[in-house]
Amino acid sequence: MSIPMTGQPVPGRDPRAGSKLKKGLKQWMAVLPFIFLGVAGTAVFVIYPMIRNIVISFQDYSIMPGANNPFVGFDNYVSAFTDPNNKVLMAIRNTFLNVAVTVPVNWLLAIVFAVLINLHFVKHKIVFRTVYYLPIITSWIVVAFLFRFLFAGGEYGLINYILYKQLGLFSEPINFLSNYWSAMVVIWLFHIWKTVGWGVVIYLAALQGISKEYYEAAAIDGANGTKQFWSITVPMLGPVTAFVLINLVNGAFNFFPQVYFITRGGPMDQTQTLPSLMYLQAFKNFNFGYASAVAVMMGIAVFALTYTQMKKFGNQRFL
């Protein structure tokens, strides 16, 4: 058997393999600190609080130093559904109502506004994108005070002033925040106006990837704008729509500032949602076990809905 001479590559071995390995290790060493920080942050601020919350949900928990936190099993979960005031059931109903009302409206407005801006205001696209995104970066408190002024009771609220004083449509001012359904409508309007700009920006970016040839071919075949929208735009934006819907559902489940800053759960706790009920039980009633049990149940519901949506759109590519 012949032995290869010194300096010649060994047959079957890539001489560049060693250099590739060193380069790969060098790249990993460069990014490893950032990966470590990300994993550490997730463990400290996400995983540990999640596990701690589950543990507290099975305890009669007290925040007092040295307090005894006895294990009570599923008592907190049972209490949530046997509450004589039905606060949890009412919060569940309101939470799912928020999802059912705001998600479709938010999605439809986002895609329609994005299409209109993309078609008719191409030169000023950045300006309109900024205008629609401004509510997103505006403080929740500032927007909440704006809506409280708009829908204030009596004749001094702007909406009441227009409907009652100027147009004379009602015999007396409407107290929007003292009635369950009108208060819920105000909350929904607040949420939609505050968040619709996010979807507009996402769809505006996605519309850049749709070739104009599809619309030109459809126009030749006699399809009008509405037909093109439902037959071309909506199907082509399918993966983006899946991404948007998942985030809209998650956002609709987290109705806390919308309730806390507008109605504070009133009238008579009828507009409470699961997040606002958790805050009320934990930081006002100091019933941390009860609040943690509600949080666990809400987390399971959000996970189930998100997982279902991911399975439904699993074969599509996301942003």
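Of note, S276 does not satisfy the criterion of being open to solvent by less than 60 Å² (accessible area, probe 1.4 Å), of a type in the set (S, T, Y), in a helix (DSSP H, G or I) and touching a Ser or Thr at 6+ places or on another chain (Cβ under 7 Å). When region 194-227 is limited to residues that are small (G, A, S) and assigned to a loop (DSSP other than H, G, I, E, B), the one that is farthest from F145 (Cα to Cα) turns out to be G222.
Here is a check on your reading of the model: is F243 open to solvent by 30 Å² or more (accessible area, probe 1.4 Å), among the aromatic types (F, W, Y), assigned to a loop (DSSP other than H, G, I, E, B) and assigned by TED's automatic domain parsing to the domain that holds S79? Against the criterion (open to solvent by 30 Å² or more (accessible area, probe 1.4 Å), among the aromatic types (F, W, Y), assigned to a loop (DSSP other than H, G, I, E, B) and assigned by TED's automatic domain parsing to the domain that holds S79), F243 does not qualify.
The values are calculated or read from the model by the stated rules, or taken from the named source; none is laboratory data. Quick caveat: nothing in here was measured; it's all calculated off a predicted structure. A quick note on method: Cβ atoms are made from the backbone with ideal geometry, for glycine too, and the neighbour counts reach across all protein chains shown. Please note that ligands, DNA and RNA were not included when accessible areas were found on the heavy atoms of the full protein model with its side chains. Shrake-Rupley method; radii C 1.70, N 1.55, O 1.52, S 1.80 Å.
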